[in-house]
Each structure stands twice: as structure tokens, then as C-alpha cells.
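K.L.:
This is the structure I have questions about; it appears just below.
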Amino acid sequence: MSRARFHLAFPVTDLEEARNFFCGLLGCTEGRSASRWVDFDFFGHQLSAHLRPSTDSVGTNDVDGDKVPVRHFGLILPFDEWHALKETLQAKGAEFIIEPKVRFEGEAGEQGTMFVQGPSGNALEFKAFQDQSRIFAT
């Protein structure tokens, strides 16, 4: 049975320090990573540690061609629920930070993703995987 999983991205100053804490101390496993971010399996939920560039006051990292806000949170939905939410948001005229799209196409981490801005400037990401067992695949 599929279930929504929590996703939280947060800024860090050192990825190795984050790896040591989440994997070494807490026993999380590492998922996908790049030079500026790393995903952790946090008891079935997805945490993403992003380096916060000191020269970027907004705090974004390049992820598959998009400027992703370093600090964001959201849900990993079943794919059909993601599509339904995308259609609802589009019908209601939502302003997207990052338009709905498929990211990492053809790779282990292929996912539907979209970002909207909530109250007070908070960035929310809604994502979905065709196969939820691939959420932490590298």
C-alpha cells in the first residue's frame, strides 16, 4: 500500500558533517547525492541536506537544470495523487516556483516534481515516483 511520505530540505554548511550525523549517529542510509546536496532515508521519510551558497541570498542549488530553493518541505505522493494535485493547482491558477515536470528522466531517481510558494515565502515541493521503492535509489 502506498502512503504519502514527508520530504524536508534544509541548509547545511558541510555535507560530510551531515553524513556523519545522519548516517553515522542516527543510522540513516544515504540515497542520491550530488556535489551540493545529499538525500537521507530518515525512518522512511526523505531528508535532503543542501549546501547553502554564501553568495546566494535566496539560497538555491542547481538540481537537474532548476534553481531549487535550499529550504523547502513537502510530500512524496503516489503518482496518481501527484497528477491530480498538479491539475488542481493549475486549474486554480497557482504560481509555481518550478513548474510541474519529470526530473532525472530515465535515472534511478526519476520523479514528478513541482514547487509552489506558500505563505511567508515558504517553498513547498510535491513529488512522486512511479515506483516508490526507488525513493532512496542511487
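The values are calculated or read from the model by the stated rules, or taken from the named source; none is laboratory data. Values in this document were obtained by computation on a predicted structure and should not be read as measured data. Note that we place each Cβ from the backbone using ideal geometry, even for glycine, and neighbour counts take in every protein chain shown.
K.L.:
Is it the case that E17 is acidic (D, E), more than 19 Å from E125 (Cα to Cα) and outside any strand (DSSP E or B)?
P.N.:
In short, yes.
K.L.:
Let me ask something additional. Which strands (runs of 3 or more DSSP E) sit wholly inside segment 64-138 and have at least 3 residues that are in contact with a Ser or Thr (Cβ under 7 Å, 6 or more places away or on another chain) and within 15 Å of W37 (Cβ to Cβ)?
P.N.:
Fully inside segment 64-138 and qualifying: 66-69.
K.L.:
Okay, next question. Any idea how many residues of segment 115-138 are of a type in the set (V, I, T) and farther than 18 Å from F79 by Cα?
P.N.:
So the answer is 1.
K.L.:
Among the candidates G44, G65, G74, which residue alone is touching a residue at least 12 places away in the same chain (Cβ under 8 Å) and exposed (fewer than 14 other Cβ atoms within 10 Å of the Cβ)?
P.N.:
Testing whether each residue is touching a residue at least 12 places away in the same chain (Cβ under 8 Å) and exposed (fewer than 14 other Cβ atoms within 10 Å of the Cβ) leaves just G44.
K.L.:
Output the residues belonging to segment 67-118 that are touching a Pro at 6+ places or on another chain (Cβ under 8 Å), polar (S, T, N, Q) and closer than 23 Å to E30 by Cβ.
P.N.:
Once the filter is applied, which keeps residues that are touching a Pro at 6+ places or on another chain (Cβ under 8 Å), polar (S, T, N, Q) and closer than 23 Å to E30 by Cβ, segment 67-118 yields only T113.
K.L.:
Oh, and also: Condition first: modelled with pLDDT under 95 and among the β-branched types (V, I, T). Now tell me which residues in segment 103-135 satisfy that.
P.N.:
V116, I135 - these are the residues of segment 103-135 that are modelled with pLDDT under 95 and among the β-branched types (V, I, T).
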